[in-house]
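Have a look at the structure below, then the notes.
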Amino acid sequence: MSLARGATTPAQKTIPMNISCPNDSVGNTVTYWFNPIGGMSTSGDGIVDNMLTGTGAANKVGVIFKLSGSPVVFYDTDSYNYKINSSNDLNKTINLTADYYRQSDSSADVTLGLVKGMMEVVIQED
């Protein structure tokens, strides 16, 4: 199966990020941001290169991480936050997705194989 560069694949996975804050957090703001593990790709926002190399590793395939359908912006400490206005806001689930990302316009450059991509999420309460 050949998909266009950036297309959603049937392998896309939802990753629920559950945030639970103590009762005394009401009135505070939760800020979170995303850092790629192993460095970010030059292919665009939210994309990490395949961490695997050699025999068995896919070529020109990375992983794209999205929030609400848009690629996350790595190292952006200003855009991702929410206010805890009441006790109803103490528990929140943020749904991210991870999917394969074709990193070449030429399907001839892309090879089958294993893909590994990681990022960390930093959560801070102000």
Matching residues, the stretch 53-77, being out of contact with any Ser or Thr (no Cβ under 8 Å at 6 or more places or on another chain), of a type outside the set (A, V, I, L, M) and under 18 Å from Pro36 (Cβ atoms): Thr53, Ser70, Pro71, Phe74, Tyr75, Asp76
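Going through Val48, Val121 one at a time, which residue ends up being over 15 Å from Thr9 (Cα atoms) and either surrounded by 19 or more Cβ atoms within 10 Å (Cβ to Cβ) or without any contact (Cβ under 8 Å) to a residue 40 or more places away in the chain (or both)?
On the way: Val121 fails: either surrounded by 19 or more Cβ atoms within 10 Å (Cβ to Cβ) or without any contact (Cβ under 8 Å) to a residue 40 or more places away in the chain (or both).
That would be Val48, the only listed residue that is over 15 Å from Thr9 (Cα atoms) and either surrounded by 19 or more Cβ atoms within 10 Å (Cβ to Cβ) or without any contact (Cβ under 8 Å) to a residue 40 or more places away in the chain (or both).
When you scan the stretch 72-83, do you find a residue that is small (Gly, Ala, Ser), assigned to a loop (DSSP other than H, G, I, E, B) and within 18 Å of Met119 (Cβ to Cβ), even just one? Before you say what the answer is, go through the steps one by one.
Looking only at the stretch 72-83, we keep the residues that are small (Gly, Ala, Ser), and these are 79.
Next, from what is left, pick out any that are assigned to a loop (DSSP other than H, G, I, E, B): 79.
Adding the requirement that they be within 18 Å of Met119 (Cβ to Cβ) leaves 79.
Yes: the stretch 72-83 contains one or more residues that are small (Gly, Ala, Ser), assigned to a loop (DSSP other than H, G, I, E, B) and within 18 Å of Met119 (Cβ to Cβ).
In the stretch 45-82, how many are closer than 30 Å to Ser25 by Cα and not basic (Lys, Arg)?
Applying the first criterion (closer than 30 Å to Ser25 by Cα) to the stretch 45-82 yields 46, 65-82.
From what is left, the residues that are not basic (Lys, Arg) are 46, 65, 67-82.
Residues in the stretch 45-82 being closer than 30 Å to Ser25 by Cα and not basic (Lys, Arg): 18 in total.
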Residue within the stretch 19-38 that is aromatic (Phe, Trp, Tyr), crowded, with 18+ Cβ neighbours inside 10 Å and assigned to a loop (DSSP other than H, G, I, E, B) present: no
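Taking the condition part of a strand (DSSP E or B), touching a residue at least 40 places away in the same chain (Cβ under 8 Å) and charged (D, E, K, R), does Asp99 pass?
Details: part of a strand (DSSP E or B): yes; touching a residue at least 40 places away in the same chain (Cβ under 8 Å): yes; charged (D, E, K, R): yes.
Yes, satisfied.
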Members of the stretch 51-62 that are surrounded by 14 or more Cβ atoms within 10 Å (Cβ to Cβ) and either in a loop (DSSP other than H, G, I, E, B) or among the basic types (Lys, Arg) (or both): Met51, Leu52, Ala58, Lys60
Test result for Phe65, outside any strand (DSSP E or B), among the aromatic types (Phe, Trp, Tyr), surrounded by 12 or more Cβ atoms within 10 Å (Cβ to Cβ) and on the phi < 0 side of the Ramachandran plot: no
Unmet criterion (only one of (1) of a type in the set (Lys, Arg); (2) in contact with a Phe, Trp or Tyr (Cβ under 9 Å, 6 or more places away or on another chain); (3) free of Cβ contacts under 8 Å to residues at least 60 places away in the same chain) for Lys60: (2)
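FYI, it's all coordinate maths here, none of it is from the lab. Predicted model only: the values in this text are computed from it and were never measured. Every residue, glycine as well, gets a Cβ built from its backbone with ideal geometry; the counts of neighbours run over all protein chains shown.
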